[in-house]
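Student: Submitted below is the structure of interest, expressed as structure tokens.
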Amino acid sequence: MSLTTRLLLFSQAALAAVLLVFCSALYAVAHGYVHHAAVASADRSAATLVASVDIEADAVEWEPSDRDVSLGPGPLGGTVYWYVTDARGAPVDRSPAPGTAELIAASGPGTDEPFAEGWVLSRRLVHPPGAAGRLLTRDRTKEETEKGEYPALVFTAGVRTGPLHAALNALAAGLAVVSLAVWLGAWAAGRWVCRRALRPLTEMAGAARAMRAEDTGARLPPPGAKGELEELHAAMSDLLGRLRSALERERRFTAEASHQLRTPLGTILGQVEVALRRPRPPEEYERVLDVIRRQAAELTRSVDALLFLARSDADAPPPRTEPVDLRQWVPEFLASLTSRARHGDISFEPEPRAALRVAAHPPLLRELVGNLIDNALKYSPPGTPVVVRAFAEGASTVIAVEDRGPGIDAADLPHVFEPFFRSGRATALPGSGLGLAVVARLAGAFGGRVVAENRPDGGARFRVALPALADEENFIRTSRAH
């Protein structure tokens, strides 16, 4: 189900509920008003009739020829019907309207409050003061007959409910038709508005489907309106930019990797081909084999680094860490580098009285610190110091490797940890450009981070901040856990 359809279903359901409640309330108000108007009209008409009576001491007078009763229209312009009887039910007078006979037949004679299906009635009994009981139904005297007097009179006024119900039914039908028209109009307008509002999404989706991996310059069409769609467009464009950058890095990675693998292989094949051209003394073959061995070792290191960097963080299992006391571990590691040509240039300066303990995997920590030292030795002149420092900084323990080389160009600082990146001044130096990328990956695996910076008095400094094991209790707990 499309987003447009879901939005329309919700909005139209809400509109239908609102229309239903509104129309029901309006019909209920109209029904109550009409019923109240009918009752009030019948009561008012009966009261008008009663006001036309002359009440004597022992009789009430009603002479039809002397009465010109005008009750006015009933509710909604209808007719008010009425008739007059004595207490026995004998007819005295009636309204001239044709429906009066139906009123008389429906309500019937009597003094009780009447009820008739299809009518709203009001009945009033009028008699002299103090008269009651059989006095109301006594026979009229000759004098009373001549004067148009009666012991008592009953006035009944009525209003038909049929026209009122017909008007209410017409109102209900009109409300239903108008509500349906409003609902359908809202559906059409809402569909048009939703489609128009969501058209940029459709266009962006179509543009995204049409994009190919090699279309590095393709862009999503702008939404043409500010708001959430503009934010979505900006986010999607940013995501596409990152994906293009990742794809470009992958292509560069593949090209550089193939170059790094071809170089030692080419050297090995060249040495083998030269050695096989003619018979050579054993010393020459030993030299060729030594070259092959060194190139094979370089090739193995490159392949291992490539495999390590190509493995995603999700696929790579977290390294098994154990507590490492850098104050003891770093000197032991540096002692293992005595075969290096510049071993004497490397020194270790720990922060006094600081707890320099971290949770790390010792072989991977050797790879991390070793790559930083190799990088410092490569870019600094022989005889200049390479200092390994360890110190506490907040909740971290920092391993810093400093050299006295030319430092790092400001434009190269954001890229030094990218695979295969090599600055312009490093093109003549050996290396694959993978060492610092491995350092950054290992620092992240240990829950830390690495930063490259220039020293104020010359040279480069690489700082690896790892989570510290600050106290002995944590140190012992971590030791037992691993």
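Student: Can you list residues whose amide H is under 5 Å from E322's amide H, if they're 5+ apart or on another chain and H is modeled 1.01 Å from N?
Tutor: Long-range HN contacts for E322: A360, H361.
Student: Could you rank the peptides 413-420, 175-182 by their average count of other C-beta atoms within 10 Å per residue, with the highest value first? Walk me through the numbers before you get to the answer.
Tutor: On the way: 413-420: 16.9, 175-182: 13.2.
With the highest mean Cβ count within 10 Å placed first, the list reads 413-420, 175-182.
Student: Could I have the simple spin-label model distance between A28 and L413, label points 7 Å from Cα toward Cβ, reported in nm to one decimal?
Tutor: Inter-label distance under the simple model: 7.3 nm.
Student: Would you work out which of L334, P350, L436 lies farthest towards the positive end of the dipole of segment 322-473, given +1 charges on the beta-carbon of Lys and Arg and -1 on that of Asp and Glu, about the Cα centre?
Tutor: Of L334, P350, L436, it is L436.
Student: Now, a different point. If we sort 235-245, 455-465 on the protection proxy, mean other Cβ atoms within 10 Å, highest first, what's the order? Let's see the in-between values first.
Tutor: On the way: 235-245: 12.1, 455-465: 17.5.
Descending mean neighbour count gives 455-465, 235-245.
Student: Using the per-residue mean of other Cβ atoms lying within 10 Å as a proxy for protection, in what order, highest first, do the peptides 404-410, 355-361 fall?
Tutor: Result, highest mean first: 355-361, 404-410.
Here, each number is a calculation from the coordinates, and none is a lab measurement. A quick note: this is a predicted structure, and the numbers were derived from the prediction, not measured. Because the Cβ atoms are built from the backbone with ideal geometry, glycine has one as well, and the counts that use them run over all protein chains shown.
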